Amino acid sequence: MKKSTKFLNKKKISFLNNINQQTLILFGLIIIVCIFSDFYFKNSNLTVPFLISALISFIITFFSIPNLKKIKIQQIIRQEGPRKHFLKEGTPTMGGIFFIPTGIIISNLTYFNNENYKIILTLSLLIMFFMFIGLIDDLISLKKKFNTGLTSNEKLILQFLISLIFIIICAFNNYIPHTIQIVNHSINIGNLIYPLGIFVLLSESNSSNLTDGLDGLLSGCSALIFTGLAITIAIENQSINETLAPFCIVMSGCCMGFLFLNKYPAKLFMGDSGSLAIGASLGGIALISNNLWSLLIMGGILAAESISVIIQVSIFKISKRITGKGHKLFLMTPIHHHFELRGNKESQIVGSFWSITLLLIIINLIFLIQPYILKFN
């Protein structure tokens, strides 16, 4: 009995060490990319903002956990979810209200005197309002002691109103170009960019919300995607490079600082207040920097999570109408739950999704630098 207990303890320690190694590798990889960018690209300043934001985010979030436990801000697990998730019941949640404002404050203080500061301010308001929508949803969920707070329609209406206001502000200030950049091709879509912009903000925020279902999944993927956006903007050498690229890397740092506490087994969840804000910030940055195509590629995991839900619901409803009995393509959606129910470990799924996100970012960068390589040759 003692031997089996020792074996299980050793296995558990080895398993946790592996997760810690994955997180440190991710952290180190982003630092290396930032250092390379600062060395190679003119006016690039990513390494210091990333390290500072990651450190501050970690410290603030770490010291918030005991306070959240005191006032019993704890995660409520949905009944229809995987059984293993019931072990997470009682874990503090709403971590988004700590690391999201951290990124906003650092960005605003750092770039207050920058000529493009108004863009930072506009994005900051968008992110904060989406965070408040998530906060309301989290608080109602806690009050009801049920996994859902706002109804889908209520949440969608609030998201639509904030997105509309953001798009109107951007339209009056000419922040959003009327073109979509796909590799080295530019497609002019005129005023259609505005309804498309609203769709992007709604879809990106809800995709991020759906992705936030496993320990470290969204926070790790987000840290990578924000970094990918920063490098993409730096390569394109846009006039907003000195503002938006550091803004992206500050958000990446805040996600990374949070990840150290959110990795398996999570000491804290971000809640809707974090996931909705992350999606809105990704969508807003992509719109202003004209990187919707790049975001679609790099955020492939977020899109897959959302698409899996749409496919599942559609197949179930159509099959029920035709045969009288609903059929499912996946064991459960979003798709990360499908892999869980197939017997894959949570950390394996998260690590695989991080790797896929990294691969998609590399693919995007290859497409991006290809015209420069051809021109050089």
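Filter the range 122-139 for residues that are surrounded by fewer than 22 Cβ atoms within 10 Å (Cβ to Cβ), hydrophobic (A, V, I, L, M, F, W, C) and touching a Phe, Trp or Tyr at 6+ places or on another chain (Cβ under 9 Å) and give the result.
Matches in the range 122-139: 125, 129.
Do we have any residue at all in the range 183-203 that's crowded, with 23+ Cβ neighbours inside 10 Å and either aliphatic (A, V, I, L, M) or out of contact with any Ser or Thr (no Cβ under 9 Å at 6 or more places or on another chain) (or both)?
Checked against the condition, which is being crowded, with 23+ Cβ neighbours inside 10 Å and either aliphatic (A, V, I, L, M) or out of contact with any Ser or Thr (no Cβ under 9 Å at 6 or more places or on another chain) (or both), the range 183-203 yields at least one hit.
Cβ-Cβ under 8 Å, sequence separation 6+ or interchain: first residue in the range 299-312 and touching a residue at least 60 places away in the same chain (Cβ under 8 Å) and farther than 19 Å from residue 327 by Cα, partner surrounded by fewer than 17 Cβ atoms within 10 Å (Cβ to Cβ) and not hydroxyl-bearing (Ser, Thr, Tyr). Which pairs?
300/356; 301/356
Please count how many residues of the range 114-155 are out of contact with any Gly (no Cβ under 7 Å at 6 or more places or on another chain), among the small types (Gly, Ala, Ser) and touching a residue at least 40 places away in the same chain (Cβ under 8 Å).
1
What's the number of the only condition in (1) assigned to a helix (DSSP H, G or I); (2) within 22 Å of residue 246 (Cβ to Cβ) that residue 290 fails to meet?
Residue 290 satisfies all of (1) assigned to a helix (DSSP H, G or I); (2) within 22 Å of residue 246 (Cβ to Cβ) except (1).
Only residues that are within 18 Å of residue 280 (Cβ to Cβ) and among the small types (Gly, Ala, Ser): list them for the range 129-152, please.
Matches in the range 129-152: 134, 149, 152.
Kindly indicate whether any position in the range 229-251 is in contact (Cβ under 8 Å) with a residue 40 or more places away in the chain and under 10 Å from the mean Cα position of the chain (by Cα).
There is at least one residue in the range 229-251 that is in contact (Cβ under 8 Å) with a residue 40 or more places away in the chain and under 10 Å from the mean Cα position of the chain (by Cα).
Among what's in the range 3-33 and is more than 18 Å from residue 221 (Cβ to Cβ) and of a type in the set (A, V, I, L, M, F, W, C), pick the residue that is modelled with the highest pLDDT.
Going through the qualifying residues, I end up with 32.
What are the residues in the range 338-370 that are touching a Pro at 6+ places or on another chain (Cβ under 8 Å) and crowded, with 21+ Cβ neighbours inside 10 Å, if any?
Of everything in the range 338-370, just one residue is touching a Pro at 6+ places or on another chain (Cβ under 8 Å) and crowded, with 21+ Cβ neighbours inside 10 Å, namely 340.
Picking from 157, 180, which residue would you name as being closer than 21 Å to residue 280 by Cβ and modelled with pLDDT under 95?
180
Exactly one condition in (1) closer than 30 Å to residue 88 by Cα; (2) not in a helix (DSSP H, G or I) is false for residue 209; which is it?
All conditions are met except number (2).
Test residue 158 against the stated conditions and say whether it is under 30 Å from residue 19 (Cα atoms) and in contact (Cβ under 8 Å) with a residue 24 or more places away in the chain.
no
Taking the condition of being of a type in the set (Val, Ile, Thr) and within 16 Å of residue 288 (Cβ to Cβ), how many residues in the range 105-134 meet it?
4
Given the criterion outside any helix (DSSP H, G or I) and touching a Leu at 6+ places or on another chain (Cβ under 8 Å), identify the matching residue among 295, 268, 259.
268
Looking only at the range 241-277, filter to residues that are touching a Ser or Thr at 6+ places or on another chain (Cβ under 8 Å) and of a type in the set (S, T, N, Q); which one of those is modelled with the lowest pLDDT?
241
Here are 297, 311, 335: which of them is among the aliphatic types (A, V, I, L, M), farther than 30 Å from residue 19 by Cα and surrounded by 13 or more Cβ atoms within 10 Å (Cβ to Cβ)?
Checking each option against the conditions leaves just 311.
Quickly run through the range 57-92 and pick out the residues that are in contact with a Ser or Thr (Cβ under 9 Å, 6 or more places away or on another chain) and at pLDDT 80 or above.
Residues satisfying the conditions are 57, 60, 61, 68, 73, 92.
The values are calculated or read from the model by the stated rules, or taken from the named source; none is laboratory data. All values derive from a computational prediction rather than experimental measurement. When we count neighbours, we look across all protein chains shown, and the Cβ atoms used for this are built from the backbone with ideal geometry, even at glycine.
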